[in-house]
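Below: the structure, in structure tokens.
The values are calculated or read from the model by the stated rules, or taken from the named source; none is laboratory data. Source: prediction; values computed, not measured. Note: accessible area is taken over every heavy atom of the protein model, side chains too, but ligands, DNA and RNA are not part of it. Shrake-Rupley method; radii C 1.70, N 1.55, O 1.52, S 1.80 Å.
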Amino acid sequence: MPLVALCLVAVIAGCTRDLPLSLPSNASVEVIELGGSGYTVDPSSDVHRKLEQWVIRNRSGWSPYYATLPGKGIIVRSGTLDLQFLGSTVFVQTAHGAFHKTVTPADYGFLRRTANGT
């Protein structure tokens with residue numbers, strides 16, 4: 001049984017894919033800290049530029065996610081972009097399903113309301 005589980009993990013880990021993620025350059029971004037408050041990011045802001053760069057750098061390495069998304073974390077929405085950051089994981093919902101990947105929390109710390117002064 002342990003061998004089967006190990007093989008399954010290897011197969012799942014090998015199933016990462018690139019996603020055509022993009023952040024509309026002229027659209028506001030809605031940021032919601034679940035269990036807290038939310039705010040809107042202006043397209044001309046530094047936070048918007050940092051998020052745009054994050055999206056560009058993180059288009060690859062996504063794995064399918066088959067469970068219900070957690071009810072906490074930071075949700076980011078703009079256009080068709082729908083991200084959810086929670087600890088060392090980020091989830092994305094697309095027309096083709098939900099995906100996730102490992103991230104460093106410091107890489108998205110700029111989204112925290114206290115970090116950007118809004």
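Only protein heavy atoms count here; on that basis, with a 1.4 Å probe, ARG57 has an accessible area of about 150 Å².
Would you mind giving the three semi-axes, in whole Å and largest first, of the ellipsoid equivalent to region 19-118 according to its Cα gyration tensor?
Working: eigenvalues 79, 49, 31 Å².
Largest first, region 19-118 gives 20, 16, 12 Å.
The order of HIS48, HIS96 by accessible area, most exposed first and with a 1.4 Å probe, is HIS96, HIS48. For the pair GLN53 and ASN26 in one chain, pulling the backbone fully straight at 0.36 nm per residue adds 8.3 nm over the alpha carbon distance.
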